[in-house]
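S.K.: One structure, pasted below without further comment.
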Amino acid sequence: MKRSYLWTGLGMIALGLACFAGAIFWNTPLDSILCGFSGAFTFPGAMQVYKYVKWTKLETADSCQRHFEEEQIELRDERKAMLRSKSGHIAYVLGLLAAAVSMAAVSLLEKLGMVEEAASRLLILFLAGYLLFQIFAGWAVYHFLDRKY
């Protein structure tokens, strides 16, 4: 396993601990966000270091090599590649649908007087921008991949 995995994991842990220290020592309204970033960096970094230690400290290098060969076979399996592609497409369509439904729901809540007009306008504009970005990004990625392959 590459040593860069270890250094990336240690860097993520350090960044997570720095965010946690910032949340503890600074009294700002961003404390909850810093605590969230702390967990988001520390735990995946710890898992990455654990995986590095686990796979480099095996009794035999043969079992490590066998594991990586099996992993490469799994990544290149045509059926699984097709399933990943299809699941990505379904998630993309569901994201577009969720943004459109959210826009309608916020607009409805505004008309019922449950949400302030300024806040709803801002949220609707944000969701509309997100929706347009998703559509444009999907189109651009499709055409890029179409030219590449």
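The values are calculated or read from the model by the stated rules, or taken from the named source; none is laboratory data. Since this is a predicted model, take the numbers as computed values, not measurements. Glycine also receives a Cβ, built like all others from the backbone with ideal geometry; neighbour counts cover every protein chain displayed. For accessibility, only protein heavy atoms count, side chains too; no ligands or nucleic acids. Shrake-Rupley method; radii C 1.70, N 1.55, O 1.52, S 1.80 Å.
S.K.: With a 1.4 Å probe and all protein chains left in place, how much of the accessible area of the range 1-117 comes from carbon and sulfur atoms, in whole percent? Kindly include the intermediate steps, with their values, before the conclusion.
M.R.: Details: 5940 of 8860 Å².
It is 67 percent, rounded to a whole number.
S.K.: Kirkwood-based Rg over Rh for the range 5-132 (C-alpha set), two decimals?
M.R.: Working: Rg = 22.5 Å, Rh = 19.3 Å.
Dividing the radius of gyration by the Kirkwood radius yields 1.17.
S.K.: For helix 61-76, report the angle its Cα long axis makes with the longest principal axis of the Cα atoms of the chain; keep it between 0 and 90° and round to the nearest 10°.
M.R.: Helix 61-76 and the main axis of the chain meet at about 30 degrees.
S.K.: Which peptide among 64-74, 95-105, 7-17 comes first, and what is the full order, when sorted by highest mean count of other Cβ atoms within 10 Å?
M.R.: On the way: 64-74: 11.2, 95-105: 14.0, 7-17: 16.2.
Final packing ranking: 7-17, 95-105, 64-74.
S.K.: Convert each backbone phi in the range 41-53 into a coupling constant with the Karplus relation 6.51 cos²θ - 1.76 cosθ + 1.60 (shift: θ = phi - 60°), then list the ³J(HN,Hα) values in order as whole Hz, x for Gly and Pro.
M.R.: With coefficients 6.51, -1.76 and 1.60, one gets 9, 5, 5, x, x, 5, 5, 5, 5, 4, 4, 4, 5 Hz.
S.K.: Next question, about the same structure. About its Cα centre, how strong a charge dipole does the chain have in debye, to the nearest 20, once Lys and Arg get +1 and Asp and Glu get -1 at the Cβ? If you can, show how the numbers build up before the last one.
M.R.: Numbers: 15 positive and 13 negative charges, 73 e Å.
Once rounded to the nearest 20, the dipole reads 340 debye.
S.K.: For the range 15-85, what does the relative contact order come out to in percent, with C-alpha contacts under 8 Å and a separation of six or more?
M.R.: Values: 33 pairs, mean separation 15.9, N = 71.
It rounds to 22 percent for the range 15-85.
S.K.: Output the peptides 41-50, 133-142, 117-126 sorted from most to least packed, where packing is the average of other Cβ atoms within 10 Å over each peptide's residues. Walk me through the numbers before you get to the answer.
M.R.: Numbers: 41-50: 16.2, 133-142: 11.6, 117-126: 13.3.
Going from most to least packed, we get 41-50, 117-126, 133-142.
S.K.: What value, in deg cm²/dmol to 500, does the helix sum -39500 (n - 2.57) over DSSP H runs of n ≥ 4 give at 222 nm once divided by the residues of the chain? Don't skip to the answer; put the middle values down first.
M.R.: Working: 5 runs with 131 residues, N = 149.
Value at 222 nm, helices only: -31500 deg cm²/dmol.
S.K.: Among the listed pairs Lys54/Lys148; Lys57/Lys86; Lys51/Lys80; Lys54/Lys80; Lys80/Lys148, which have their C-alpha atoms separated by more than 28 angstrom in this model?
M.R.: On the way: Lys54/Lys148 38 Å; Lys57/Lys86 37 Å; Lys51/Lys80 23 Å; Lys54/Lys80 26 Å; Lys80/Lys148 21 Å.
Among Lys54/Lys148; Lys57/Lys86; Lys51/Lys80; Lys54/Lys80; Lys80/Lys148, the Cα-Cα distance tops 28 Å for Lys54/Lys148; Lys57/Lys86.
S.K.: How much FRET efficiency would the formula 1/(1 + (r/R0)^6) give for His89 and Ile124, where r is the Cβ-Cβ distance and R0 is 35 Å, rounded to 0.05?
M.R.: The computed FRET efficiency comes out at 0.85.
S.K.: Continuing with the same structure: Please tell me the relative contact order of the chain in percent, rounded to the nearest whole number, where contacts are Cα pairs under 8 Å and at least six residues apart. Present the calculation step by step, with values, prior to reporting the outcome.
M.R.: Details: 88 pairs, mean separation 25.1, N = 149.
The normalised contact order for the chain reaches 17 percent.
S.K.: Here's a follow-up. Would you kindly state how much longer the chain becomes between Phe68 and Leu15 on full extension, computed as 0.36 nm times their sequence separation minus their alpha carbon distance, in nm to one decimal?
M.R.: On the way: separation 53, 0.36 × 53 = 19.08 nm, distance 2.86 nm.
Full extension from Phe68 to Leu15 adds 16.2 nm.
S.K.: Further, regarding this structure: Using a Förster radius of 25 Å, what is the FRET efficiency between Arg79 and Leu145 based on their Cβ-Cβ separation? Nearest 0.05, please. Could the numbers behind the result be given before it?
M.R.: Values: r = 20 Å, r/R0 = 0.78.
For R0 = 25 Å, the calculated efficiency reads 0.80.
S.K.: Where the convex hull is taken over the Cα atoms of the range 59-149, what is its projected area averaged over directions, in nm²?
M.R.: Values: hull surface 40.0 nm².
That works out to 10.0 nm².
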